[in-house]
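Each value in this text was obtained by applying a stated rule to the coordinates, not by laboratory testing. Please read these numbers as outputs of a predicted model, since none were measured by experiment. With ideal geometry, Cβ positions are generated from the backbone for all residues, glycine too; neighbour counts draw on all protein chains shown.
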Amino acid sequence: MLHRIVTLLKVLNWLNWILAVLFVAFAAATFIPAFGDPLTALMQRKLSADQVVEILQIWRMLALLLIPTAYAVHRIFKAIIAIVQTAITGDPFITDNAHGLRIIGWALLAIQIIDLFSGLLMMRLSEVSGEYAGWSPAVTGWLAALLMFVLARIFEHGARMRDDLEGTI
């Protein structure tokens, strides 16, 4: 069962990168007249030229924010895969896993900070377009990051206790 989870996590990691590359490529394509001009013309049916320019700039900035987000998600998947693989071998309570949980915590924290910046962009997009762009702050991500740091500390302490116990036997 755990081997299937590792395979699923690897597939999800690849999908993370594929979607990030596609989104960034789409945003970059807006600079190419063959793609950007028809898109601009389509948008100008409802919006002014100034609004279209600003909306395209916001999309491009969101695409730039996607790069560090995809990297943070990648780090999360790699750390989870490493933790699950130690569970497969039967020894998950080691300091490497505490380090992995700390990496997950930092990655989740980075995602939350990036989310704040994307939220500002979405609020601006709402102002420019006159339509609600659909962002709201999420408390659960901040709590998940905090939980990872707490779990990392617990794993560190548990690994140290186990090492001490093995040293006395």
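Tell me the GluC sites (Glu not before Pro) within the stretch 88-163 that lie in a loop according to DSSP and have at most 14 other beta-carbon atoms within 10 Å. Working shown, then result.
Details: sites: E127, E131, E156; in loops: E131.
Filter output for the stretch 88-163: E131.
Calculate one ³J(HN,Hα) per residue across the stretch 116-127 by plugging θ = phi - 60° into the Karplus curve 6.51 cos²θ - 1.76 cosθ + 1.60, and present them in order as whole Hz with x for glycine and proline.
So the J values, rounded to whole Hz, are 4, 5, 5, x, 4, 5, 5, 5, 5, 4, 4, 5.
Calculate, in whole percent, how much of the Cα-Cα pair population of the chain lies beyond 23 Å.
Working: 7757 of 14196 pairs.
So the portion of pairs separated by more than 23 Å is 55 percent.
At 0.36 nm per residue, minus the direct Cα-Cα distance, what do E131 and A82 gain on full extension? Give it in nm, one decimal, please. Don't skip to the end; give the middle numbers.
On the way: separation 49, 0.36 × 49 = 17.64 nm, distance 4.31 nm.
Stretched fully, the E131-A82 segment lengthens by 13.3 nm.
For L165 and I18, FRET efficiency with R0 = 41 Å and r from the beta-carbon atoms, rounded to 0.05?
On the way: r = 45 Å, r/R0 = 1.10.
E(calc), rounded to 0.05, equals 0.35.
Taking the Cα atoms only, what angle lies between the long axis of helix 2-29 and the longest principal axis of the chain, rounded to 10 degrees?
Computed tilt is about 20 degrees.
For the stretch 108-169 and the stretch 1-42, what is the separation of their Cα centres, given in Å?
When both Cα centres are located, 23 Å separates them.
List the trypsin sites (Lys or Arg not before Pro) within the stretch 45-90 that DSSP assigns to loop and that have no more than 11 neighbouring Cβ atoms inside 10 Å.
In loop regions of the stretch 45-90 (DSSP not H, G, I, E or B), the sparsely surrounded trypsin sites (Lys or Arg not before Pro) are R45, K46.
Any idea what angle helix 139-168 forms with the longest principal axis of the chain, computed on alpha-carbon atoms, 0 to 90 degrees, nearest 10?
The angle comes out near 20 degrees.
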